[in-house]
Amino acid sequence: MDIAARIAALYQQIEQIFSEGEVAAPNTWISSFVVPKPGGKHYTYYRLMEAAPKSRSSGKKKAAKMKRYLGIRKSPKYKRAEAAIARRNQIQVLTRRIKQLELLALKEEEQKATATSTHSVVSGGYPTGSITQPPLTNQPTVWQWQQLQQELNRLNQHTQQLVEALNQERRFREAMIQEIERLKAAMGR
């Protein structure tokens, strides 16, 4: 399977994960806290935490703030948050893999670009040797190439439809000209 197809498959996996349910925001996690009760019992409760951006004025690290209370481990809120975080982590792994594949594709394109060389001749007729083409600075990613290819295919289909419409119009005009010639001949002109 080529790189473009692998990237497309990874994007489909990401879409599938999004369709399965809520996806947790970045920098969120589940935290627990213990509440002692009379009689020596301890109860563990959970909450969804979020990293708060650090203050510009203070040099402190990021602080965490509670985003939502989840209750006990068996609660539906806890289970939904846990599943959302798992989906987020899966998407992050797939996104990293896509970036790796795009970099690999870019390196392959650069290697192809440096491998191809052109020969040029100066005005005096002496060849200057082979000149390697520098790679483009803003080369599209494989995913962008796929989108451009799809757009090109769509434009090609549209062009073919226009050509067919023009051909039909030309045939219609030729038929009309023949009909006019036939009527002129019938009238004796």
What aspartates and glutamates could a cross-link reach from Lys184, if we take a straight Cα to Cα line under 16 Å and drop same-chain neighbours fewer than 8 places away? Glu174
Nearest 20 debye, what's the magnitude of the dipole of segment 69-108 about its Cα centre given +1 on Lys and Arg Cβ and -1 on Asp and Glu Cβ? 340 debye
At 1.4 Å probe size, what's the solvent-accessible area of Arg68? Round to the nearest 10 Å². 90 Å²
At 1.4 Å probe size, put Met176, Met187, Met49 in order of accessible surface, largest to smallest. Met187, Met176, Met49
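The values are calculated or read from the model by the stated rules, or taken from the named source; none is laboratory data. This structure is a prediction, so every number in the text was calculated from the model and none was measured. Don't worry about glycine lacking a Cβ; one is built from the backbone with ideal geometry, like all the others, and counts go over all protein chains shown. All accessible areas refer to the heavy atoms of the entire protein, side chains included, with ligands and DNA or RNA removed. Shrake-Rupley method; radii C 1.70, N 1.55, O 1.52, S 1.80 Å.
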